[in-house]
1. For the range 1-18, name all the residues that are assigned to a helix (DSSP H, G or I) and either surrounded by 15 or more Cβ atoms within 10 Å (Cβ to Cβ) or touching a helix residue (DSSP H, G or I) at 6+ places or on another chain (Cβ under 9 Å) (or both).
2. Need pairs with beta-carbon distance below 7 Å; first residue without any contact (Cβ under 8 Å) to a residue 12 or more places away in the chain and within the range 5-30, second β-branched (Val, Ile, Thr) and in a helix (DSSP H, G or I); sequence gap 6+ or separate chains.
Amino acid sequence: MKILIDMNLSPAWVSVLEEAGHIASHWSTVGSLNASDREILLWTKTNGYLLFTHDLDFGAILAVTEERSFGVRLDFLTFPKDGVIHKKLAILLSNGQSP
């Protein structure tokens, strides 16, 4: 799976997701640091990425733009520290199958 990590999450997530077998990029390496949410969403759609974000507006953005894209929102964690969380996230992103 190709995953774009939003600016509001640590770039450290790139290595966590890559170790789980995903292709991962942090927005700071592919786009403008002051890009709008709409621009980031368009980039994910155009490039076939899932958006990994801590942005609580993401659902509203999808509703307003009527996009069919999707994302993962983390409300509780901004820096990957716990190996258990890494494993659970990897399983979630692999559709419930162990990576």
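A short reminder: the numbers here are calculations on the coordinates, not readings from a lab. Small disclaimer: the values here were computed from a predicted structure and weren't measured. Here Cβ is always computed from backbone atoms with ideal geometry, including for glycine, and neighbour counts include all displayed protein chains.
1. Across the range 1-18, the qualifying residues are Trp13, Val14, Val16, Leu17.
2. Matching pairs, first to second residue: none at all.
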